[in-house]
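Worksheet: one structure, shown below.
The values are calculated or read from the model by the stated rules, or taken from the named source; none is laboratory data. As the structure is a prediction and not an experimental result, all values here were calculated from the model. Note: ideal-geometry Cβ built from the backbone for every residue, glycine included; neighbour counts use all protein chains shown.
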Amino acid sequence: MLMLSRDVKKAILVSFDFLALIAIAWLSFSIRLNTFFVPNTEQIGLIVAAPVIAFPIFMRLGLYRAVLRYLPDRAIWTIWKAVTVAALGWVALAFLTRMTGLEGMPRSVAVIYWMLAFVVIVGSRFGLKWYSSGPDRRKRMTPTLIYGAGDAGTQLASALLSTTDHVVAGFLTADRNLHGLDIMGARVYPPDNIDKLVRDLGIREIIITMPEPNENRRHVIEQCSGLPVKIRVLPPITDLASGKYLVNMVRDIQIEDILGRSTVPPNPELLHAAIEGKNIFIAGAAGSIGSEVARIAAAFKPNRLVLFDLNEHGMYQISRELRRLNLCEVVPVLGSVCDFRLLKSVMQDYGIDTVYHCAAYKHVSLVEANIVEAVRNNILGTRTIAEAALETGVSDVVLISSDKAVRPTNIMGATKRWSELIVRHYGDIHAQKTGGTNRFASVRFGNVLGSSGSVVPLFKEQIANGGPVTLTDENMTRYFMSIREAAELIIQGSALAESGDILVLEMGEPVRIRDLAENMILLAGQSVRSDKNPEGEIEIEIVGASEGEKLNEELFYDPSGVTLTDHPRIKKARRQSLDNWDITGMLSELDEALKDGSPEKMRQLIFERIQ
């Protein structure tokens, strides 16, 4: 039946209505007269007239245009109007033509006819809708709670009601004025007893409609994450007035949703000022941060984008992606940041205006185990880029630094602190040559979610493998930001900074790593095994801090000396004097130490010179 053509289905529905209305008209007389009604010729004509009068009205109000599989609940109102007008027309015909064959048709016959017709017409439509969904599909329908009863929630409910994959079991909201009311046929509940609702209503999914990541949304996610349900969120949509929320726009929970702060919006004017019409060089362009810098830069109309990295496969992927967009000239160059001649040649040949130095070894434990190579790549690679930029007249160099550079306790942080000093040193030299028109600056931020050096991919892997999730300390905290935020900050830094500046994004409160691990386990649909919950699935194991690992990271050496910039969420660290720093001598000592190749001597040297 479901495979029949639209015209055949319509003919079946018309035939059903014709026979049903005839039967209802006869039954109305039988019920009223309390006997098996045997009509005479005039009464037969009146009974047959019932569907004849109804059909034009039903067609005019669209009862035969609707696709029953997607029939909305509001169609009940349309059917009520159609049946009411048809019943009034039938009654008018009866009384005007005296076709009843009686002294007068009892008025209750009309009332009975109207009620039975309404029940049968509504029941037939929604019964067919239920049947067309199929028993297997009905079993697969997901009972869903929508967290939020505002515009976003109601539009999402409307979209869900037009599908057969979800059934909206109710709304959750903290607005007491809405509690107990019905919205689009679903009850509005307070969120206090959410666990009881999930159990009583058989809820399998909760969709959160709060538009932006913030403290409230994090609280809601934490409130829901311990329940045996799937949690998803609805991304923000700016054109609510003209558009609709679509079901396929609902996405799974991401780690960014539980960080407790909204993302920092970029300043388009700064991005245009930094990129448009310029020749841009990105070192480390195949990495997670470098590739995102390249994507954003390509969208702001550079004259040329030179991608530089040793990673052949990564370079192939990002250059192919950007060339497909055809936004600007893309030049991929394979090479090392320690190759001065290659760097100088590339910067000179392509007339580079701005260098974004994203190339570095970032894994703390791996860097600790490979000190010599980390120093060569991170510190001397930065010197090589700065020297090449100085000799070729590049005006802007932006170093990607880390919060680990503040009072460093590990090799990775120490190499980044050296790199900050080197960029400052060469920026001063460049300023003396150009009269201060250059900008050699550093951009410092915390952990980047999803980057190769982040703890989040490690936790995901450990959870996928069934645990345990390893922590170094119960009370360890870290600052987090998204890859896109980091890339936008890097680019805006080249427009905001003066030479020698260190820019830092306002990153909110640091996140406790234990809380992050627990939330990731819960969001993966697992439970945390602990003394209180010995039946949990994933255990969190404390393994102790690695060598040089801090309990809490810092963003500034001197928080009291921080100043604001033209961007409300980007701050500038107090500039330290280099009068007591012999950068040239320090680098010479480092070159000698590299010849010796002793990791211990290297460690001692790099820490002694930056204390």
What are the pairs, 6+ residues apart or on separate chains, where a residue within region 595-610 that is under 11 Å from Trp418 (Cβ atoms) has its Cβ under 8 Å from a residue that is outside any helix (DSSP H, G or I)? Phe607/Pro408; Ile610/Pro408
The listed residue being modelled with pLDDT under 80, in contact with an Asp or Glu (Cβ under 9 Å, 6 or more places away or on another chain) and loosely packed, with under 14 Cβ neighbours inside 10 Å, out of Thr142, Thr97: Thr97
Pairs under 9 Å by beta carbon, first residue over 15 Å from Glu420 (Cα atoms) and modelled with pLDDT of 70 or more in region 564-583, partner among the small types (Gly, Ala, Ser) and loosely packed, with under 13 Cβ neighbours inside 10 Å, six or more apart or different chains? none
Residue check, Ser419 buried (at least 24 other Cβ atoms within 10 Å of the Cβ), closer than 23 Å to Met347 by Cα and either charged (D, E, K, R) or more than 31 Å from the chain's Cα centre (by Cα) (or both): yes
Just a yes or no: is a residue in region 383-395 closer than 18 Å to His363 by Cα, surrounded by fewer than 21 Cβ atoms within 10 Å (Cβ to Cβ) and modelled with pLDDT of 85 or more? no
What helices (runs of 4 or more DSSP H), lying completely within region 280-390, carry at least 1 residues that are closer than 20 Å to Ile490 by Cβ? 288-298, 312-325, 340-349
Residue check: is Gly123 modelled with pLDDT of 80 or more and on the phi > 0 side of the Ramachandran plot? no
Matching helices (runs of 4 or more DSSP H) fully within region 407-510 where at least 2 residues are under 26 Å from Arg609 (Cα atoms): 411-434
Tally the residues that are under 18 Å from Ile112 (Cβ atoms) and small (Gly, Ala, Ser), restricting the search to region 3-54. 8
Yes/no for Ile429 being β-branched (Val, Ile, Thr), touching a helix residue (DSSP H, G or I) at 6+ places or on another chain (Cβ under 8 Å) and either touching a residue at least 40 places away in the same chain (Cβ under 8 Å) or surrounded by 23 or more Cβ atoms within 10 Å (Cβ to Cβ) (or both): no
Limited to region 108-127, what total is found for residues that are surrounded by 14 or more Cβ atoms within 10 Å (Cβ to Cβ) and of a type in the set (S, T, N, Q)? 1
